[in-house]
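These notes concern the structure reproduced below.
Since every read-out is calculated from the coordinates, none of them should be taken as a lab result. Predicted model only: the values in this text are computed from it and were never measured. Cβ placement follows ideal geometry from the backbone for every residue including glycine, while neighbour counts extend to all protein chains displayed.
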Amino acid sequence: MGNKPIFVTRPSLPPLEEFIPYLEKIWESRILTNNGDCHKQLETKLKEYLGVKHIALFCNGTIALLTALQALRITGEVITTPFSFVATAHSLLWNGNVPVFADIDPITFNITPETIEPVITDKTTAIMPVHVYGTPCDVDGIEKLAGTYGLKVIYDAAHAFGVKKDSVSILNYGDLSVLSFHGTKTYTTFEGGAIVCHDEKTKDRIDKLKNFGFAGETKVMECGINGKMNEVQAAFGLLYLKYIDLYIGKRKAVACRYRELLKDVGGMVMLSDIEGVWHNYSYFPILIDKNEYGMSRDDVYEKLKSKNIYSRKYFYPMITDFPMYKNERWSDDTTLKNAKYISDRVLCLPIYPDIETEVIENVCQLIKDH
Ligand code: T4K
C-alpha cells in the first residue's frame, strides 16, 4: 500500500485508448457543444440504461437543480433536508425560494412524509427531498403527501444513479429528478448532471432553459442559463456507460467486505441493503457513537488521517448549521434532532471500484484497534 494517500473516492477510468476514437470523431465533426452527436447518443443510451422516459443533460448537477426549479416555476417555500451537500439548499436560494428544513429518518437519513408534513405552510409550493447516499426516500409516501397538499416534488438524486426500487428506477418518482455526474460520483462525465422528466413538453422546456431560453434562432422565450453539457463530457459518458455495471459490481464487493470486517464493532452503525432496492454503493457511511465505541467520529477521522487515509464527514456540518442557513424556525434542539445526531456521528469511509483489499483491511483494522 505504501504511503500514498487514500481518499474517500478515486474515480475509475476506462482505458485511455478507448476514449481516443470518440475524440477523433469530435475533431472530425468540429461540433464541440450545443446538442452534438455524442450528446444525442448519450441521452438515448442513458434513457435505456436508467429506464426513464426523458433526460436532459447538463454541465453539472447544481445548474440542473436550479433549472429544475425554473422549469416548474417554483416560488415561495420549498421543504428540503438539512442533511445533504450544500448545493441542494443553494439551488433554492439561487432560485429565490425560502428553504425550509425537515428532520430526517434515523435509518434512511432522508426526509419523510412524517417530518415534511408538520413544516408545510400556506407558502409551501414544493418539496426537494434527497436520496442521500443513494438510499431511496419513501417515494410513495411523499407522492401521496404532495398530492394531498398540491405540492411539486423535485428529487435531488445526485447520489442515486442506477438505483432501483422493485425493479423501477427511483428517478421515475416525483415531478423531476436531478442527477450529478461529478468526478466523485458513481457515474461521471468529469463534471455533469441531468434532469429526468416524464413528458415531452417538460423536456422541451428544460432544453430551452439550459440554452439561454432560446426557442429557435431568433426567439428567446425566457431567462434561461447556459447549462449545456459539451461533446467531450458526453463522449466520456458514452464510454463510461460501458463500464458502469462492472464499477457498481466492484463497489458492492467493497461494501460487502467492509460490512463483514466491521460487523462486530460495538458502538458503530452501518447502512444495510434494503430489500427490493438495487443500490449503487456510492458512499460507505458509518455512525460512531463515542459513549459505546470509546472514540468520537472526529477522533476516528484524525486517526485515519494520521495514516494518510482521508475519510470525509459527509454531511457535517448539516446545512442549517452554516451561518447563512441558521434560522429560529429550526435552531432549537428538537426540530432537526435526528439530522443533528447523524451529522455529528457520520463518517464516510473510502469506497471506489479499484480500492485495494489491503486498504479496506487496513481501514477496518484501524477502526477495530481502539
Ligand atoms: N446534491 C447533492 C446531494 C450532492 O452531493 C451534490 C454534489 C450536488 C447536489 C451538486 O452536484 P454537482 O454540481 O457537484 O454536480 C464533492 C463534489 O464536488 C460534489 O459534487 C459532491 N456533491 C460532494 C458530496 O462531494 P468535495 O468538496 O467534498 O470534493 P473534493 O474535491 O474534496 O473530493 C473528494 C475527494 O475525492 C478528494 O479528496 C479526492 C477525490 N477526487 C476528487 C475529485 C474531484 C478524485 O480522486 N478525483 C477528482 O476528480 O465535494
As straight-line cross-link partners of LYS123, the qualifying aspartates and glutamates (C-alpha separation under 13 Å, not fewer than 8 residues apart within one chain) are GLU77
Under the Karplus relation with 6.51, -1.76 and 1.60 and θ = phi - 60°, whole-Hz ³J(HN,Hα) for the range 345-358, x at Gly and Pro, equal 10, 7, 9, 9, 7, x, 8, 6, x, 9, 5, 6, 3, 4
Residues whose modelled amide H sits under 5 Å from the amide H of ALA126, counting only those 5 or more places away in sequence or on another chain, are ILE79, LYS152
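Before anything else, pin down the relative contact order of the range 245-368: Cα pairs under 8 Å, at least 6 apart, normalised by residue count, whole percent. The partial results should precede the final answer.
Working: 144 pairs, mean separation 45.1, N = 124.
This gives 36 percent for the range 245-368.
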Under a Gaussian network model of the chain whose springs join Cα atoms within less than 10 Å, the largest fluctuation of ARG257, ARG345, ARG73 belongs to ARG73
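Over 24 Å between C-alpha atoms is what I'm after, so list which of LYS152/LYS185; LYS144/LYS164; LYS164/LYS242; LYS45/LYS185; LYS303/LYS337; LYS53/LYS228 land there.
On the way: LYS152/LYS185 26 Å; LYS144/LYS164 20 Å; LYS164/LYS242 19 Å; LYS45/LYS185 18 Å; LYS303/LYS337 27 Å; LYS53/LYS228 20 Å.
As for pairs spanning more than 24 Å Cα to Cα, those are LYS152/LYS185; LYS303/LYS337.
Can you give the relative contact order of the range 16-241 as a percent, counting alpha carbon pairs under 8 Å and 6+ residues apart? Before the final figure, lay out the partial values.
Details: 465 pairs, mean separation 61.7, N = 226.
Computed value for the range 16-241: 27 percent relative contact order.
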Residue-ordered couplings for the range 287-300, obtained by feeding phi - 60° into the Karplus form 6.51 cos²θ - 1.76 cosθ + 1.60 and rounding to whole Hz (Gly and Pro as x), are 10, 10, 9, 4, 4, 8, 7, x, 10, 7, 4, 5, 4, 5
A correct Karplus calculation of ³J(HN,Hα) over the range 83-97, with 6.51 cos²θ - 1.76 cosθ + 1.60, θ = phi - 60°, whole Hz and x for Gly and Pro, returns 9, 7, 5, 4, 4, 4, 6, 4, 4, 5, 5, 4, 8, x, 8
THR9 neighbourhood, Cβ < 9 Å, K/R = +1, D/E = -1, net charge +3
For LYS210, the aspartates and glutamates lying under 13 Å Cα to Cα, once residues fewer than eight places off in the same chain are dropped, come out as GLU222
Restricted to the chain, the DSSP antiparallel beta bridge percent, nearest 5, is 60 percent
With +1 at each Lys and Arg Cβ and -1 at each Asp and Glu Cβ, the charge dipole magnitude of the chain around its Cα centre, to the nearest 20 debye, comes out at 560 debye
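Where Rh denotes the Kirkwood radius from the mean inverse Cα pair distance, what is Rg over Rh for the range 41-180?
On the way: Rg = 14.0 Å, Rh = 14.9 Å.
Taking Rg over the Kirkwood Rh, I get 0.94.
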With a ≥ b ≥ c from the Cα gyration tensor eigenvalues, square-rooted, and the rule rounded for a/c under 1.5, otherwise prolate when a/b > b/c and oblate otherwise, the range 29-97 is prolate
Among THR186, THR357, THR124, the residue with the largest mean-square fluctuation in a Gaussian network model of the chain built from Cα contacts under 10 Å is THR357
The farthest towards the positive end of the charge dipole of the chain, of the residues GLY267, ILE107, GLN70, given +1 on Cβ of Lys and Arg and -1 on Cβ of Asp and Glu, is GLN70
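Over all directions, what mean area does the Cα convex hull of the chain project, stated in square nanometres?
Values: hull surface 76.8 nm².
Its average projected convex-hull area is 19.2 nm².
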In nm², the average projected area of the convex hull spanned by the Cα atoms of the range 245-368 is 9.4 nm²
